[in-house]
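First comes the structure, then the notes that go with it.
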Amino acid sequence: MIYLDNGATSFPKPPGVSEAVARALANPASPGRSGHKPALEASRIVFRARKKLAGILGKADPERMVFTPNITWALNAAIKGIPLEKGAEVISTALEHNSTARPLRELEKAGAIVWKKIHPRENGLIEAADLLPLLSPRTKLLVLNHASNVTGALTPVEKMRRLCPDVPLILDAAQTAGAYPLEDFARHADVVCLTGHKGLLGPTGTGGLWIRPGVDVRPLAVGGSGSNSESLEHPDFLPDALEAGTLNTHGLAGLAAALDYLEERGIENIRRHELDLAGVLLGEAEGISGLRILGPSGNLENRVATVSVTLEGYSSSDLSSALESGYGIMTRAGLHCAPLAHEASGTFPGGATRFSFGPFNTPEDALAAAAALRELSGKRRAV
Ligand SMILES: Cc1ncc(COP(=O)(O)O)c(C=O)c1O
């Protein structure tokens, strides 16, 4: 199998991850609850993961790193939890994943917000300058996809921040955390949302949000927190305020082991490796008859290692199936939970076929993908 679906979830996980999960599962305790030794060990596991994840963002305040089951929950928590006055204007890119688009649409439909979108230019890139005409005194929130999970295009977060430094900024780092050095960008965000199972190389069921001091995020859910148990009011301090219910201790143990691997290998090295692979595929794919590559062309620095394509004569799912059955190549077809990005790319509703590289892929994988596309192009038929 050649696994090129790391944008959906990364595979394989680094050495040590499943062992860490198994060890934590064997520990019969709940973190932050009882005071016996296994419970203290569970709390230590959670704290270690918290400290490491905050560390990846360059943050020295792990208590502001809140765990959630995934980034969908984190984005919902931030978008719905930051208090906004009725009619507040919220700006996002037109490349957002449904994890951002659906909460914004819900608020828009309820009449709570006015939602404005920045469209990518012809070259597939979001230009910071296109934010300017959308800004107004009523702009109260910016929600930005750091990299599109469809086109791989990176959003110029830093430049956009400079245009409206006082507007709270939520960053969806699903496709960049672990695959792109985040410290610089995390500096420009008020809330950074993460998922543990993609570039961070951890198990599914892990994720979180880091919240800048001074930013108020109200809880989506309240309940048991292991703290302030005498009160019927949920605690208002982080991380407890946003972590109602027992955490995924074994998942977080696996995530911490994955973060050890990322530290050892170096995120910048992983970025270089993955971009090289994307470069191989993009270079080899050039000139394949009927092939269209979505998103930015040319400078690889504008993207992450996600390459979506359409091939004349194939629907996106037929192409994905042909890659799997004929070549053992795993990709993802369709709309990638991001209909807006496909609308912006002119590939709605048919979608595209997405190749997404990870740290364990090799140049041979990229060459095999290009060779398969070339051969399938030769066998083209009318859809
Ligand atoms: C940009 C982006 N945001 C959000 C998500 C949602 O991730 P999760 O399912 O882990 O919540 C994804 C996953 O595909 C994504 O690519």
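Values quoted throughout were computed directly from the atomic coordinates according to the rules given, and no laboratory measurement underlies them. Quick caveat: nothing in here was measured; it's all calculated off a predicted structure. Cβ coordinates were reconstructed from backbone atoms using ideal geometry, including for glycine residues, and neighbour counts include every protein chain displayed.
For this structure, a couple of remarks:
- The stretch 96-133: trypsin sites (Lys or Arg not before Pro) in DSSP coil with no more than 15 other Cβ atoms inside 10 Å: R121
- For the chain, the longest principal axis of the Cα atoms and the long axis of helix 316-327 meet at an angle of about 80 degrees.
- Inter-label distance, nm, simple model (7 Å from Cα along the C-beta direction), D166/L25: 5.3 nm
- Pairs of Lys residues in the chain that lie 8 or more places apart, or on two chains, and have C-alpha atoms under 12 angstrom apart add up to 4.
- Sum of side-chain charges, S99 neighbourhood, beta-carbon under 14 Å (Lys, Arg +1; Asp, Glu -1): +1
- Taking all Cα-Cα distances within the stretch 1-134, those exceeding 25 Å account for 52%.
- The local environment of L75, defined by Cβ-Cβ distances under 11 Å, has a net charge of 0 under the rule Lys, Arg +1 and Asp, Glu -1.
- For the stretch 148-301, the square roots of the Cα gyration tensor eigenvalues, ordered a ≥ b ≥ c, give a/c of at least 1.5 with a/b greater than b/c, which places it in the prolate category.
- The stretch 229-315: C-alpha gyration tensor shape, a/c 1.5 cut-off, then a/b vs b/c: prolate
- From the Kirkwood radius over Cα pairs of the chain, Stokes-Einstein at 20 °C and 1.002 mPa s returns a whole-number translational diffusion coefficient of 100 µm²/s.
- Net charge contributed by nearby residues that have their C-beta within less than 11 Å of A241 (K/R +1, D/E -1): -4
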